[in-house]
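Asks: Please read through the structure below; I'll follow up with questions.
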Amino acid sequence: MYAVGDGGEILHYDGNTWSLMSSPTSIWLWGLWGSPNASVFVVADEGMILHGLRGASVVVTPDTHTFTTLGSTFQLAAEARDAGDNPVAGVTFTWSSSDEAVVTVDSAGLVTAVSNGVATITATAPGGAAGSAEITVSSSDGDGD
């Protein structure tokens, strides 16, 4: 069972406990329903309809990368998959970095090394399915990558 609320909250009840699911929006959500083919729909403010897939996953490739030069860039790719592990076309991802002091990521998955350290880059699909890659920045003198 699912419930929706303000701030884009989606709650899932598994029969024992309620858990908060990630949502692609921070707007008020009015209703959530599923269809037999695993599609999930949410109605939001001003008639916006969000679409997701039950059992969906996101795969980020490659799942690791090491930078040796500050300021260098590297392109990640994300692919959404349905519950049967089949690719889902046309999905737009929201990219984020767990530590923007180490690496940043743009809206297309291009990662830039900022300073030494380790960070996780996450690609999130509408509906909350997400995948990630671990990025390491290890630059001693700025040479090579």
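Asks: Residue by residue through the stretch 136-145, note down the ones that are closer than 12 Å to PHE74 by Cα and either within 12 Å of the chain's Cα centre (by Cα) or open to solvent by 40 Å² or more (accessible area, probe 1.4 Å) (or both).
Replies: ASP145
Asks: Related question: Out of all the residues in the stretch 99-135, which are of a type in the set (Gly, Ala, Ser), surrounded by 15 or more Cβ atoms within 10 Å (Cβ to Cβ) and in a loop (DSSP other than H, G, I, E, B)?
Replies: Hits for the stretch 99-135 are GLY109, ALA125, GLY127, GLY128, ALA129.
Asks: Same structure, new question: Restricting the search to the stretch 66-98, which residues are hydrophobic (A, V, I, L, M, F, W, C), open to solvent by 80 Å² or more (accessible area, probe 1.4 Å) and under 18 Å from ALA119 (Cα atoms)?
Replies: Let us first name the residues in the stretch 66-98 that are hydrophobic (A, V, I, L, M, F, W, C), namely 67, 70, 74, 76-78, 80, 83, 88-89, 91, 93, 95.
Those left that are additionally open to solvent by 80 Å² or more (accessible area, probe 1.4 Å): 70, 89.
Answer for the stretch 66-98, where residues must be hydrophobic (A, V, I, L, M, F, W, C), open to solvent by 80 Å² or more (accessible area, probe 1.4 Å) and under 18 Å from ALA119 (Cα atoms): just LEU70.
Asks: Is it the case, given these coordinates, that GLY71 is at pLDDT below 90 and out of contact with any Cys (no Cβ under 8 Å at 6 or more places or on another chain)?
Replies: no
Asks: Is there a residue in the stretch 81-100 that is at pLDDT 85 or above and over 17 Å from the mean Cα position of the chain (by Cα)?
Replies: No: the stretch 81-100 contains no residue that is at pLDDT 85 or above and over 17 Å from the mean Cα position of the chain (by Cα).
Asks: Follow-up. Within the stretch 53-109, can you find the residues that are of a type in the set (Asp, Glu) and either under 16 Å from ALA123 (Cα atoms) or touching a residue at least 40 places away in the same chain (Cβ under 8 Å) (or both)?
Replies: ASP63, GLU79, ASP82, ASP99, GLU100, ASP106
The values are calculated or read from the model by the stated rules, or taken from the named source; none is laboratory data. These numbers come from a predicted model, not from an experiment. Ideal geometry is used to build each Cβ from the backbone, glycine not excepted, and the neighbour counts take in all protein chains shown. Side chains included, ligands, DNA and RNA excluded: accessible areas come from the protein's heavy atoms. Shrake-Rupley method; radii C 1.70, N 1.55, O 1.52, S 1.80 Å.
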